[in-house]
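S.K.: One structure is given below, represented as structure tokens, and several questions about it will come after.
The values are calculated or read from the model by the stated rules, or taken from the named source; none is laboratory data. Remember, it's a predicted structure, so these values are computed and weren't measured experimentally. Here the Cβ positions follow ideal geometry from the backbone for every residue, glycine too, while neighbour counts run over all protein chains shown. Heavy atoms of the whole protein, side chains included, go into the accessibility calculation; ligands, DNA and RNA do not. Shrake-Rupley method; radii C 1.70, N 1.55, O 1.52, S 1.80 Å.
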Amino acid sequence: MQIVKAATAAVACITLTACGGGPERVGTTTFTPISEITHASADETYRIGASDLLKLSVFQVEALSFDEIRVDAGGQLQLPVIGAVTAQGLTAQELSREIERRLGDRYLRNPSVSVTVMEAASQKITVDGAVTKAGVYTMRGRTTLLQAIAMAEGATRTADLRSVAVFRTEGEQRSVAVFDVSAIRAGQMADPILRGDDVVVVDTNRLSAAMRDIIAALPALGVFGYYR
């Protein structure tokens, strides 16, 4: 697959850099673990973007509740009664509080508002490797590794679910971690939350031999290592 090739193109000259922990050697490559992946409990900070699809519920006020309402290109929600509300850059909880404040100022007594991100149109993830339908998918709010694989209609029958890699880019730094999806499904590991632009590769046996060596050197599941 083209995406797998992109993830492995620079492997021959990879240098994995330090941010903590002790380095390991893989041939001529130095690998240093940096941090554990962020799990669901730590992903309360997703910030709404333009074109995201939301669910908005105002308790006992059906006229102000929407199963689906999309943030416009300018990052705003156009709502009855209170008009335009800036949603871009806010978490779902922050937006809930802002709408409560606007409604409470003039229209309702002690309003209760709930906002849920149904589709994070501004955030994409790529799922590749041994899956039924590899491709680029729109995140639906907080998207976990298992949900990402489900978006790609599941792993193939021959996939090795003990070896699923997540490639991540933060600024100019790239990192990779490997997960045991079988253990996640069995409840033995937390299901990690993905970030926008993450690349998931199911079954790392399909990667190049050099990248498989790098991944095999990871000291624990869920630990990212920087490379360049």
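S.K.: Provide the per residue accessible area, probe 1.4 Å, for segment 139-228, rounded to a whole number of square angstrom.
M.R.: Per-residue value: 44 Å².
S.K.: Could you please state how large a percent of the accessible area of segment 110-228 is carbon and sulfur, counting protein chains only and using a 1.4 Å probe?
M.R.: 44 percent
S.K.: A further question on this structure: Given R₀ = 30 Å, what would the calculated FRET efficiency be for residue 158 paired with residue 124, taking r from the Cβ atoms and rounding to 0.05?
M.R.: E between residue 158 and residue 124, to the nearest 0.05, is 0.65.
S.K.: Taking a ≥ b ≥ c as the square roots of the eigenvalues of the Cα gyration tensor of segment 83-228, is the shape rounded (a/c under 1.5), prolate (a/b larger than b/c) or oblate?
M.R.: prolate
S.K.: Right, something else. Defining a contact as two alpha carbons under 8 Å apart and six or more residues distant in sequence, what relative contact order in percent does segment 124-228 show?
M.R.: 34 percent
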